[in-house]
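Below you'll find the structure, written out as structure tokens, and then a few comments.
The values are calculated or read from the model by the stated rules, or taken from the named source; none is laboratory data. Values in this document were obtained by computation on a predicted structure and should not be read as measured data. For neighbour counting, all protein chains shown are included, and Cβ atoms are generated from backbone atoms with ideal geometry for every residue, glycine included.
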There are 2 protein chains.
Amino acid sequence: MSQTRQFQSLADARPPYFVGIDLGGTTVKLGVLDETGRPLCWNSLATHVERGPEDAACRMGEAVRETVAGLGISLSAVARAGLGSPGILDVRNGVMVNPTNFPGWGGFPLRDRVSHHCGLPVAFVNDANAAAYGEFWVGSGRSFQSLILLTLGTGVGCGIIIGDVIVEGENGHGAECGHVLIDSSDTARLCSCGMTGHLEAYASAMAVIKRAREAIDSGQPTSLTRRIAEGAELTPRLVAEEAQSGDALSTKIVFETARYLALGIVSLLHTIDPAGVLLGGAMTFGARESELGRRFLARIFEEVKCRTFPTLAAKLQIDFATLGPDAGYIGAAGIARLEHYKSLRKPAVWP
Amino acid sequence: MSQTRQFQSLADARPPYFVGIDLGGTTVKLGVLDETGRPLCWNSLATHVERGPEDAACRMGEAVRETVAGLGISLSAVARAGLGSPGILDVRNGVMVNPTNFPGWGGFPLRDRVSHHCGLPVAFVNDANAAAYGEFWVGSGRSFQSLILLTLGTGVGCGIIIGDVIVEGENGHGAECGHVLIDSSDTARLCSCGMTGHLEAYASAMAVIKRAREAIDSGQPTSLTRRIAEGAELTPRLVAEEAQSGDALSTKIVFETARYLALGIVSLLHTIDPAGVLLGGAMTFGARESELGRRFLARIFEEVKCRTFPTLAAKLQIDFATLGPDAGYIGAAGIARLEHYKSLRKPAVWP
């Protein structure tokens, strides 16, 4: 039940090859990339969480073998695979820790079983870190030596890359920047994690919907009311559409979201001082090409400038990510490549 | 005009040796350490900022040669020196960037001139990062794989160490965590950097003095009023003394400071997830041995626990630093050692 798409002629590809796997709650995506980060082939299969981790590990392994064989290359030409997984990970042991959306998968030796089934060494990585590494390697962060990626989806995910270091943290909580504090007051909003004042409680898709709903319910005039009455679902996309059509409340919600992001970004800048900050995730898809997206970035920049050092603001780049939903498997392959060169004691980032 | 102190018999010392230099606005401290981080000898000289950087580089170089010779070892037994310098640095080029307290020193090739005068390769590092590395190598962070050091002095300094990576940032602004945002409201306090709501505006020595002064001026009853009338200077130490004697207002100020620190620490935890957070700097000297110090740490922990993930709080250690004013030169020597082993392509952290 897998879909396959072929990108690139093998004639142009540069070995060795790397496989990236992006494990999601519904779908597993995987790709074969060459040494330069060009995807040669893309494939997907259903996760079937309920069948348990051994079943999934087995099918992921088979899918890797089939995809590689389908390309007409031998498995021995693939140096390594990378497996991006959601949730908190015990990276050293290749295990998920209490994964709420994967009941029964916690403690299962996922990395090693996927490795067994596909016949390749496997690098294990958090999916947000993988996406960040994808953008760092071949996406809109490819000119940066360090970056922070914030992914705006149901929650606010994050990955931090400094040179060839992925900030994973001692307990798998590194780069959980959706939970950076932006409001310490008693009236701070409740975050999905149960605590208050975190960035995610203001700038995630859920938070945007909640803030829009509160504004609509308070009776503020807005074209959102009409759209919803006509059957449209209240989503960040709807709010963006109405903002683009000139609705004042929708515009206000979009730019308030930019301001909240800026508050979180300031603390990150003063901790990491990266070359760039990228915004990705479903909420940003298409924004890079839109006028509203450009104004959104400008509003973030304006607020950040008021709150950071001029020398830092002068060089900082803030942009949208470019790899979209492919960032996860591309980044997982990139981290596999990084581990491969580390194992050879060669630098993976060429001058 | 230098002071020398000898620590350790050479018979026990393990070569190679490393020199650490801690450049301050008034005094330069330097030490010779062995491979295991034991200080063999300690020396200090006046900085004389007004004489310019070449003069200081020359005298630092001479002091290194004299100190090494005084120990009875040859310069060739010293593998490398480390130079910790205040302010924003261009680490790659070994240069200070616009140093306010060192007029005329900006752009001077400080690292290379010190190297020239002492006859050793020199590693160049920000002083707060050096202090953090000192605690990481041989201080209260020696059992940690990663740590954040917050130094509470006139300002709030910070150093972040992740394995053998020192978070320096793209523009020398890495680990400027005194400027993490803890209050985004319109009534947030003004920071020394000119912006508002930063941790430093609440938890530095200057901030503690300001908050105490405001409370006294508002007429709140406190034994601080009597002490100041008797000629005592209003300092964080005085506030701590009165808190230890049971003064309610002083106690409140101390524990509010703990709460403010916790707000900043939460954002750092969700970005870095280090094994430990250490508090150092003049404001904390002596606190590790005091009952008030223990209660101060407990108050920080209590507030952090309310605002972070249980899995993270369960393993996190928060403690005071132990190297005191020696952290800077010890850490600079440690970073020299790290660069030495990197140049040999050997791991510096033994299992």
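Restricting the search to region A:173-209, which residues are in contact with a strand residue (DSSP E or B) (Cβ under 6 Å, 6 or more places away or on another chain), surrounded by fewer than 21 Cβ atoms within 10 Å (Cβ to Cβ) and not aliphatic (A, V, I, L, M)? Correct list: A:THR196 only. Which of the residues belonging to region B:78-115 are over 24 Å from the mean Cα position of the chain (by Cα) and either surrounded by fewer than 15 Cβ atoms within 10 Å (Cβ to Cβ) or within 14 Å of chain A (Cβ to nearest Cβ) (or both)? Of everything in region B:78-115, just one residue is over 24 Å from the mean Cα position of the chain (by Cα) and either surrounded by fewer than 15 Cβ atoms within 10 Å (Cβ to Cβ) or within 14 Å of chain A (Cβ to nearest Cβ) (or both), namely B:GLY104. Among the numbered conditions (1) of a type in the set (A, V, I, L, M, F, W, C); (2) within 24 Å of B:ASP22 (Cβ to Cβ); (3) without any contact (Cβ under 8 Å) to a residue 40 or more places away in the chain, the only one that B:ALA175 does not meet is (3). Summed over region B:7-35, the residues that are touching a residue at least 40 places away in the same chain (Cβ under 8 Å) and of a type in the set (Val, Ile, Thr) give a count of 3.
Mind checking whether some residue in region B:222-233 is in contact with a helix residue (DSSP H, G or I) (Cβ under 8 Å, 6 or more places away or on another chain), among the β-branched types (Val, Ile, Thr) and either within 18 Å of B:THR151 (Cα to Cα) or modelled with pLDDT under 95 (or both)? Can you show your working first?
Step one: of region B:222-233, the residues in contact with a helix residue (DSSP H, G or I) (Cβ under 8 Å, 6 or more places away or on another chain) are B:222-225, B:227-228, B:232.
Add one more test, that the residue is among the β-branched types (Val, Ile, Thr), and what stays is B:222, B:225, B:228.
Subsequent filtering for residues that are either within 18 Å of B:THR151 (Cα to Cα) or modelled with pLDDT under 95 (or both) retains none.
Checking region B:222-233: not a single residue is in contact with a helix residue (DSSP H, G or I) (Cβ under 8 Å, 6 or more places away or on another chain), among the β-branched types (Val, Ile, Thr) and either within 18 Å of B:THR151 (Cα to Cα) or modelled with pLDDT under 95 (or both).
If I filter region B:306-327 for residues that are over 21 Å from B:LEU23 (Cα atoms), polar (S, T, N, Q) and touching a helix residue (DSSP H, G or I) at 6+ places or on another chain (Cβ under 9 Å), do I get at least one hit? Yes, region B:306-327 contains at least one residue that is over 21 Å from B:LEU23 (Cα atoms), polar (S, T, N, Q) and touching a helix residue (DSSP H, G or I) at 6+ places or on another chain (Cβ under 9 Å). Please find, among A:ALA298, A:ALA275, the residue that is closer than 19 Å to A:ILE161 by Cα, modelled with pLDDT of 95 or more, out of contact with any helix residue (DSSP H, G or I) (no Cβ under 7 Å at 6 or more places or on another chain) and among the small types (Gly, Ala, Ser). Unique residue meeting the criteria: A:ALA275.
Determine if region B:215-222 includes at least one residue that is more than 19 Å from the chain's Cα centre (by Cα) and closer than 30 Å to A:LEU181 by Cα. Looking for residues that are more than 19 Å from the chain's Cα centre (by Cα) and closer than 30 Å to A:LEU181 by Cα, one finds at least one in region B:215-222, hence yes. Might you check whether a residue that is at positive phi and assigned by TED's automatic domain parsing to the domain that holds B:SER74 occurs anywhere in region B:122-131? Within region B:122-131, not a single residue is at positive phi and assigned by TED's automatic domain parsing to the domain that holds B:SER74. Annotation: of all residues in region B:210-238 being among the hydrophobic types (A, V, I, L, M, F, W, C) and free of Cβ contacts under 8 Å to residues at least 40 places away in the same chain, the one that is surrounded by the fewest Cβ atoms within 10 Å (Cβ to Cβ) is B:ALA229.
Let me confirm something: among A:ALA243, A:ALA248, which residue is crowded, with 22+ Cβ neighbours inside 10 Å and farther than 19 Å from A:GLU200 by Cα? Steps first, answer last, please.
Working: A:ALA248 fails: crowded, with 22+ Cβ neighbours inside 10 Å.
Residue meeting the stated conditions: A:ALA243.
Applying the criterion of being within 14 Å of A:LEU278 (Cβ to Cβ) and free of Cβ contacts under 8 Å to residues at least 40 places away in the same chain to the residues of region A:297-351, the residue that is farthest from the chain's Cα centre (by Cα) is A:PHE301.
For B:ARG294, are the conditions met, namely being basic (Lys, Arg), without any contact (Cβ under 8 Å) to a residue 40 or more places away in the chain and surrounded by fewer than 24 Cβ atoms within 10 Å (Cβ to Cβ)? Write out each step before concluding.
Details: basic (Lys, Arg): yes; without any contact (Cβ under 8 Å) to a residue 40 or more places away in the chain: yes; surrounded by fewer than 24 Cβ atoms within 10 Å (Cβ to Cβ): yes.
The answer is yes for B:ARG294.
Of the helices (runs of 4 or more DSSP H) that lie entirely inside region B:124-218, those containing 2 or more residues that are of a type in the set (Gly, Ala, Ser) and away from chain A (no Cβ under 13 Å) span B:127-138, B:205-217. Of the helices (runs of 4 or more DSSP H) that lie entirely inside region B:238-351, those containing 3 or more residues that are more than 14 Å from chain A (Cβ to nearest Cβ) span B:248-272, B:291-307, B:327-343. Residue check: B:GLY153 meets all listed conditions (1) within 11 Å of the chain's Cα centre (by Cα); (2) surrounded by fewer than 24 Cβ atoms within 10 Å (Cβ to Cβ); (3) within 23 Å of A:LEU147 (Cα to Cα) but one, namely (3).
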